[in-house]
1. Looking only at the stretch 72-92, which residues are under 20 Å from the mean Cα position of the chain (by Cα) and open to solvent by 70 Å² or more (accessible area, probe 1.4 Å)?
2. Being over 20 Å from the mean Cα position of the chain (by Cα), of a type in the set (S, T, Y) and surrounded by fewer than 14 Cβ atoms within 10 Å (Cβ to Cβ) is the filter here; which residues of the stretch 137-186 pass it?
3. Take the residues in the stretch 110-134 that are closer than 14 Å to L31 by Cα and open to solvent by less than 40 Å² (accessible area, probe 1.4 Å); name whichever of them is farthest from the chain's Cα centre (by Cα).
4. List every residue pair whose Cβ atoms sit under 7 Å apart, with the two residues 6 or more apart in sequence or on different chains, where the first one lies in the stretch 25-42 and is touching a residue at least 12 places away in the same chain (Cβ under 8 Å) and the second, anywhere, is crowded, with 18+ Cβ neighbours inside 10 Å and basic (K, R).
5. If the Cβ limit is 7 Å and pairs must be 6+ apart or interchain, which residue in the stretch 56-68 that is touching a residue at least 12 places away in the same chain (Cβ under 8 Å) pairs with which residue that is of a type in the set (D, E) and surrounded by 14 or more Cβ atoms within 10 Å (Cβ to Cβ)?
6. Could you please find all residues in the stretch 80-100 being in contact with a helix residue (DSSP H, G or I) (Cβ under 8 Å, 6 or more places away or on another chain) and touching a residue at least 24 places away in the same chain (Cβ under 8 Å)?
7. Of all residues in the stretch 96-109, how many are surrounded by fewer than 19 Cβ atoms within 10 Å (Cβ to Cβ), aliphatic (A, V, I, L, M) and modelled with pLDDT of 95 or more?
8. How about the stretch 1-13: which of its residues are modelled with pLDDT of 90 or more, exposed (fewer than 15 other Cβ atoms within 10 Å of the Cβ) and more than 18 Å from P167 (Cα to Cα)?
Amino acid sequence: MAVPASAAKEMLVDPKADEAAVLAAPYSCGLLAGLALAEPLADDELGGAYGVLVAPDSSSPLAAIAVYSRADTTRTSTGEVLTIMFRQDAARRLAAADHATVRDAAVAAVAPLLPGLADRVVDSRVTRWQEAMPYVPVGHAAAVRNYRTRLPAGSPVLLAGDYLGFPWSDSAAFNGLWAADRLIADHAGPAGVPSSEVASDAERR
C-alpha cells in the first residue's frame, strides 16, 4: 500500500500498533506557483542559476525558485516558467487563498530578485498538496524498523508509503523494493523459489 499516511489510515480497518506508529508521521503541506513569462530570463538574472534556495532565516516567504529554461536545455519553446515554492509557514497561511492571491504573493516575493516581474508574467498555475512531504521526527526510524522486523509472515497488507523513509525518490524506490522482496519471500517455495515458479514447473512435469 503506497499511499500517504492519511489515506492508509482510512483503508486499514484495524491497524496494529506498529502500523499505527509509522502512520503517525506528520506531513508538511506544499504550495507552488508556476509563473509563465513570454521570454527566458537574461543570462545574468538570478545569477544564471537554474535554481535558487532561500536561506531559512530570511524574511522571504519563499523556499526556492526553479528556472525551467536552465534546467531543461533540450526545450524548444521560447518562453520561460519560474516555479515558486513557498516556505512552510507561508504555504499554510495561503493554503486556502484563491489563485490570484497566491500568484500575486509569489510575484511580490520574487520581485526584489527580478525587478519588473509583474509586467512579464503572462500566465500562472497554482498547485497545492495537503500532504507534500512527511517529516521524520526523532524516534520514527525505530518505529519503521519495528514495523518491518515484527511484521508477521504472510501479512495481507504491506505498507510502502512515503512515511517509511525520507521524502525523496530513492527512498520511495527502496520502500517499493522492500515490499516486493517481502511479498516474494512470503510466497516463495523451496529454496526461496517463488511459489508461482514452483507451480509452473510442476505443471510442465
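The values are calculated or read from the model by the stated rules, or taken from the named source; none is laboratory data. Since the structure is predicted, the reported quantities are computational estimates derived from the model, not experimental observations. Positions of Cβ are backbone-derived with ideal geometry, glycine not excepted, and every protein chain shown enters the neighbour counts. All accessible areas refer to the heavy atoms of the entire protein, side chains included, with ligands and DNA or RNA removed. Shrake-Rupley method; radii C 1.70, N 1.55, O 1.52, S 1.80 Å.
1. M85, D89, R92
2. Matches in the stretch 137-186: T149, S155.
3. Going through the qualifying residues, I end up with S124.
4. A33/R103
5. Matching pairs, first to second residue: Y68/E80.
6. E80, V81, L82, T83, I84, F86, A90, L94
7. Total satisfying the criteria: 3.
8. Within the stretch 1-13, K9, E10, M11 meet the criteria.
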